[in-house]
Amino acid sequence: MQAEHAGLLDSGEPVQRLVLEAAGLRVAVLTYGGILERLEVPDRAGRMDNVVLGLGSLAAYSRVSPYFGAIVGRYANRIAGGRFTLDGREHRLACNNGPNSLHGGNRGFDKHVWHVDDGDRRQVQLSRISPDGEEGYPGTLQVSVRYALEADRTLRISYRAETDRPTVLNLSNHSYWNLSGEGSGTALDHELEIAADRFCPVDSTAIPTGELRPVEGTPFDFRRPTRIGARLRAADPQLLVGRGYDHNWALRDPVTPGPRLAARLRDPASGRVLEVLTDQPGLQFYSGNFLDGSLVGPGGRTYRQGDGLALETQHFPDSPNHPHFPSTVLRPGETFRSSTLLRFSAPG
């Protein structure tokens with residue numbers, strides 16, 4: 001692991017850049033937010049390029065980033081009204097997304113400097129302690145995230161957490177992908193396949209209604225590889241709500257324990273393919289609807305609508321308020337463990 005000084009936050013707190021290189025991949029991770037800053041992958045001709053969107057300075061990450069590459073929590077995605085009830089007690093959270101709480105609130109895990117526990121050229125583990133009451137969440141949470149390069153051009157992201165009081169937990173990495181390369185333009189020509197037969201419709205504030213709707217006959221059917229832009233402008237009420245795709249898919253139940261294929265993303269231009277494997281029950285697909293040209297990437301190009309897309313492995317949004325959704329409750333004595341694998345290839 002190569003450690004570099006990435007800069008200082010406004011508070012004066014130093015931030016490191018941690019560089020990993022192995023298995024045909026090169027990765028840079030910031031201790032601020034656990035941000036996956038760069039991920040360089042070869043195309044079908046062997047040319048390396050960075051395939052994650054980002055920003056050109058630490059100041060931009062701390063002030064204007066739409067969660068580019070960050071670890072989001074304590075609860076990834078939205079919680080309706082910024083409140084939930086656990087064991088008969090209501091907990092109120094910071095509302096930072098209209099009437100709802102998003103990605104942990106005003107200062108979620110993406111806005112803290114994480115501690116470096118250990119690392120080598122292939123892997124690094126980051127950790128932090130989230131105190132009881134942080135952003136309204138109960139319990140002191142000890143959480144760690146490990147980025148590890150493995151064989152077959154695979155980046156594994158592993159999560160671990162323990163609490164001293166009952167709480168709710170949902171962790172994810174919020175990278176935006178463009179397999180043609182960061183700053184190359186639209187990703188809407190990528191082909192996407194999602195291993196799900198149902199998705200979660202949402203209300204006008206992007207909160208799940210509680211229904212698990214079949215994808216059959218809708219623009220949300222990605223059971224076969226489909227160009228992302230093919231049905232993006234369909235007059236479907238669910239696409240109108242979020243100006244595109246910003247929904248959770250209920251992944252098919254695993255046949256065996258451990259990560260299974262959740263999504264496959266292919267870029268016909270470069271030949272790059274990303275396979276996302278996870279042991280989580282849901283996948284949030286976001287088509288970069290609110291990229292509006294106001295953000296400039298490290299390559300000096302602006303990001304516009306559809307220039308990157310997120311595939312967030314996670315539990316369902318607003319699960320604490322939907323008892324029939326998979327539970328996100330973590331109790332003392334339990335250990336939360338989860339892994340997501342990002343596997344790259346570029347067939348000739």
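The strands (runs of 3 or more DSSP E) found entirely in region 1-64 that carry 1 or more residues being within 27 Å of R107 (Cβ to Cβ) and of a type outside the set (D, E) are 2-8, 14-22, 25-30, 36-42. Residue-level check: of (1) without any contact (Cβ under 8 Å) to a residue 40 or more places away in the chain; (2) among the small types (G, A, S); (3) in a loop (DSSP other than H, G, I, E, B), A94 misses just (1). Scanning region 295-338 for residues that are closer than 29 Å to L86 by Cβ and hydroxyl-bearing (S, T, Y) yields T313, S319, S327, T328, T335, S338. On inspection, L188 passes the criterion of being in contact with a Gly (Cβ under 7 Å, 6 or more places away or on another chain), at negative phi and not in a strand (DSSP E or B).
If we scan region 194-201, do we find a residue that is touching a residue at least 60 places away in the same chain (Cβ under 8 Å), in a loop (DSSP other than H, G, I, E, B), farther than 23 Å from G54 by Cα and in contact with a strand residue (DSSP E or B) (Cβ under 8 Å, 6 or more places away or on another chain)? There is at least one residue in region 194-201 that is touching a residue at least 60 places away in the same chain (Cβ under 8 Å), in a loop (DSSP other than H, G, I, E, B), farther than 23 Å from G54 by Cα and in contact with a strand residue (DSSP E or B) (Cβ under 8 Å, 6 or more places away or on another chain). With the condition kept exactly as written, say whether any residue in region 296-316 is touching a helix residue (DSSP H, G or I) at 6+ places or on another chain (Cβ under 9 Å), part of a strand (DSSP E or B) and surrounded by fewer than 20 Cβ atoms within 10 Å (Cβ to Cβ). Yes.
Given (1) buried (at least 21 other Cβ atoms within 10 Å of the Cβ); (2) over 30 Å from T140 (Cα atoms), where does T278 come up short, assuming only one miss? Exception for T278: condition (2). Could you say whether any residue in region 210-217 is in contact (Cβ under 8 Å) with a residue 40 or more places away in the chain, in a loop (DSSP other than H, G, I, E, B) and not small (G, A, S)? There is no residue in region 210-217 that is in contact (Cβ under 8 Å) with a residue 40 or more places away in the chain, in a loop (DSSP other than H, G, I, E, B) and not small (G, A, S).
Coordinate-derived values only; no laboratory data. Bear in mind that the values here come from a model prediction, so they are computed numbers and not experimental data. Counting neighbours? That spans all protein chains shown, and the Cβs are built from the backbone with ideal geometry, glycine included.
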